[in-house]
1. Could you list, in sequence order, the residues of the range 168-202 that are modelled with pLDDT under 90 and buried (at least 23 other Cβ atoms within 10 Å of the Cβ)?
2. Any idea which residue in the range 98-122 is surrounded by the most Cβ atoms within 10 Å (Cβ to Cβ), counting only those that are within 17 Å of residue 176 (Cα to Cα) and within 18 Å of the chain's Cα centre (by Cα)?
3. Return the total of residues in the range 262-280 being touching a helix residue (DSSP H, G or I) at 6+ places or on another chain (Cβ under 7 Å), part of a helix (DSSP H, G or I) and within 18 Å of residue 296 (Cβ to Cβ).
4. If I filter the range 241-257 for residues that are touching a strand residue (DSSP E or B) at 6+ places or on another chain (Cβ under 7 Å), at pLDDT 85 or above and either within 30 Å of residue 164 (Cα to Cα) or not in a helix (DSSP H, G or I) (or both), do I get at least one hit?
5. Looking at (1) under 24 Å from residue 214 (Cβ atoms); (2) part of a loop (DSSP other than H, G, I, E, B), which one does residue 110 not meet, given that it meets all the others?
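The values are calculated or read from the model by the stated rules, or taken from the named source; none is laboratory data. For clarity, every value in this text was computed on a predicted model and none was experimentally measured. Positions of Cβ are backbone-derived with ideal geometry, glycine not excepted, and every protein chain shown enters the neighbour counts.
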């Protein structure tokens, strides 16, 4: 959770319902200009020259004397200084935003020094190209230089999730949450990880924690996140428990949407939903009643 929001799909991912995000990263501000919690995609890089359309880039722009005045009476010409050239990191960010990931990596690699944040961005770019081994190498290098970076831990965990190494991913998510307990994205990813392990109640708890921090966490695509679980049963469970979390967060539209998806996956039925006390507060809403009626009529 943004394309860092971006939607990032890797084969075999525990796939979660909103992306669900394709942007694995967050080359965030400061440490990641914007993706992994990588929480946001890198911000666009402004034109370095700042030259006007009529003025060739790199040339100083001179001021002109006022109309009708004698040039000899005018003050000396003043020149505008040009902006410094972009750094390798800025060029890399610009290439990443344009989805030119190989060019972004080439630019990042020219930075001196290559900081932990840049190693993270390189990992994100590799992850976007499904170059898993190189992504892991970059994330591990970043963590070696900055062992307490929760965003990089989250990114690395999403790769382990994509390889169905759920236990290793879970450990990283939990370690990341110790560093950053207020990250809605990491709570969300941990929830999807637990759902994939059929730990539905614990997964639901993580979803509730994510929604309590950010009620829109399932609607945004920022940061590296995991996608929907592979089986229909897992996807149905994910949506059913997400619906409960949405009710608790005061988002009935989100709840009804996820209940519809849970029904479509065959995880539950209209009668069970209608009698589930978790949805008592939204039973009188037209959308909820229409959902139940449409299923009962079938």
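1. Across the range 168-202, the qualifying residues are 192, 195, 196.
2. Keep residues of the range 98-122 that are within 17 Å of residue 176 (Cα to Cα), which gives 116-117, 120.
If we keep only those that are within 18 Å of the chain's Cα centre (by Cα) too, we end up with 117, 120.
Numbers: 117: 24, 120: 32.
Among residues in the range 98-122 that are within 17 Å of residue 176 (Cα to Cα) and within 18 Å of the chain's Cα centre (by Cα), the one surrounded by the most Cβ atoms within 10 Å (Cβ to Cβ) is 120.
3. 6
4. Checking the range 241-257: not a single residue is touching a strand residue (DSSP E or B) at 6+ places or on another chain (Cβ under 7 Å), at pLDDT 85 or above and either within 30 Å of residue 164 (Cα to Cα) or not in a helix (DSSP H, G or I) (or both).
5. Of everything listed in (1) under 24 Å from residue 214 (Cβ atoms); (2) part of a loop (DSSP other than H, G, I, E, B), residue 110 misses just condition (1).
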